[in-house]
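Have a look at the structure below, then the notes.
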Amino acid sequence: MLKNNKLCGYVLRVAIFTSLLGAIASGCAGFATPNVQPDNRVNNYTPIQTTGGQAKETSPTKANQVQNLPSRTKNSANAVSKLDLKEGMPYQKARELVIQQGWQPNLQGDSPNLQDTSVKELFDFGYEEVKDCSGTGVGACRFEFTNKAGELLWISATMADRTNTERVVWHWSIEKGTNTNQSTLVASHQEKLPFIGTRLFNFLNGNGTGQSIAIAPDGTTIVKLNGKFESSVQYNGKFSNPIILQDGSGLGLLFKDGKVYSLSTDGNIAKGCQGEGTICESSLLEAPSPVIVDGFYILGGTGQGLEIKGEQYRYYDEEGNKEWQPISQLNYIKEGLIFDGENYWCIPPRRETGVCSENGWVPLR
């Protein structure tokens, strides 16, 4: 009888344990697949936000949860997201991260522009990957790395304060990548200029929304937004592909196959310029050759001048005239204002003291 009671108790405990086990299993399954409704909102101009700057393969539910996190990656390609870079992080730390992941300073291609004082200081500091710095806008500098796969990683960094060598990450991207997403920046590094001269483009095809880009033989590039009543310079520096505009917008321009594409702040080709889902692209139209009028152009405040006569120009100063050079080396900005790659030169109004600027003559009051 005692044995029967023990047997019944054992069977009862087994039955209870089995029931509990089934309940726990059901509860775990329910916990693993919460009932979360996906967010179907789409914003083509908002970068994908990820934890720690890394993009992971997630279900649609997890992807929508990730979008609410604070940090962000600058490119949706897997190779870029694995870099774990963040906007605003110290460049020195970013440099250590990418080198640990197998990237090495790019010592090929374009040589560092050591004539620029900021570039030379960064190069002497040990940043041999620096290529060039912008003298206007946010003063960003471009740093390049390569890996064994032949890919090029560029990082744009701005000054954290007033110290040139203390910089923070602003933008970055990998070129010649293997990402199959056609909307992602995967352009090859272009050492060769796409053209020399001025080209017009308009992503919106509207009145007052046109832009222009002028590229000089030495690579000096000026991008302008040509509004209805006035124009503004969006970029002034050496040509690179892509170009990150210096107007604080974080937008860029990608040149590929004879066209120009607008890049959003995450490095992807923007969409929606001429309708939902349309790629923001434009043909590059050759601008009518502007006529640089003959005359004497000056900087203002110095004894230096520039004389233009026909298809040639020459500099002059207190010591006399220099040799004539072809006028094709000059960039036409607007009537009475030209750019020689280093300085702006103006035909000044008569009897008015002032200086020449990128916007024209500025009188001294």
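None of the figures in this text is laboratory data; all of them are computed from the coordinates on show. Note that the structure is a prediction, hence the values are computed from the model and not measured. As a convention, Cβ positions derive from the backbone with ideal geometry for all residues, glycine included, and neighbour counts pool all protein chains shown.
A few notes on this one:
- Residues with amide H under 5 Å from that of K256, placed H, sequence gap 5 or more: Y261
- Per-residue Cβ neighbour counts within 10 Å put S156, S357 in the sequence S357, S156, beginning with the fewest.
- Were the residues from W324 through S232 laid out at 0.36 nm apart, the gain over their Cα-Cα distance would be 30.0 nm.
- R0 of 25 Å, Cβ-Cβ distance D257-E307: FRET efficiency to nearest 0.05: 0.05
- Taken along the Cα-to-beta-carbon direction at a fixed 7 Å, the label points for T209 and L193 span 3.0 nm.
- The HN-Hα couplings worked out from phi for the range 320-333 by the Karplus form 6.51 cos²θ - 1.76 cosθ + 1.60 (θ = phi - 60°) are x, 8, 9, 6, 6, 9, x, 5, 5, 7, 9, 9, 7, 9 Hz, whole numbers, x standing for Gly and Pro.
- Calculated SAXS-style log₁₀ I(q)/I(0) at q = 0.14, 0.17, 0.22 Å⁻¹ - the range 226-365, Debye, Cα scatterers: -0.81, -1.02, -1.36
- Amide H contacts for T146 (H built 1.01 Å from N in the peptide plane; partners 5 or more residues away or on another chain; cut-off under 5 Å): Q104, N106, L153.
- Stretchable slack from T278 to V355, in nm (0.36 nm times residue separation minus alpha-carbon distance): 23.3 nm
- Net charge dipole size for the range 295-363 [Lys, Arg +1 and Asp, Glu -1 on Cβ; Debye, nearest 20]: 260
- For the range 232-314, the average shadow cast by the Cα convex hull is 8.5 nm², which is a quarter of the hull's surface.
- Phi angles of the range 228-240 translate, via the Karplus equation with coefficients 6.51, -1.76, 1.60 and θ = phi - 60°, into HN-Hα couplings of 5, 10, 7, 10, 9, 7, 9, 7, 9, x, 6, 5, 9 Hz per residue; Gly and Pro are given as x.
- A simple rule links phi to the HN-Hα coupling: the Karplus curve 6.51 cos²θ - 1.76 cosθ + 1.60 with θ = phi - 60°, which for the range 112-129 gives x, 7, 6, 6, 7, 4, 5, 4, 5, 5, 5, 5, 5, 6, x, 8, 5, 8 Hz, with x for Gly and Pro.
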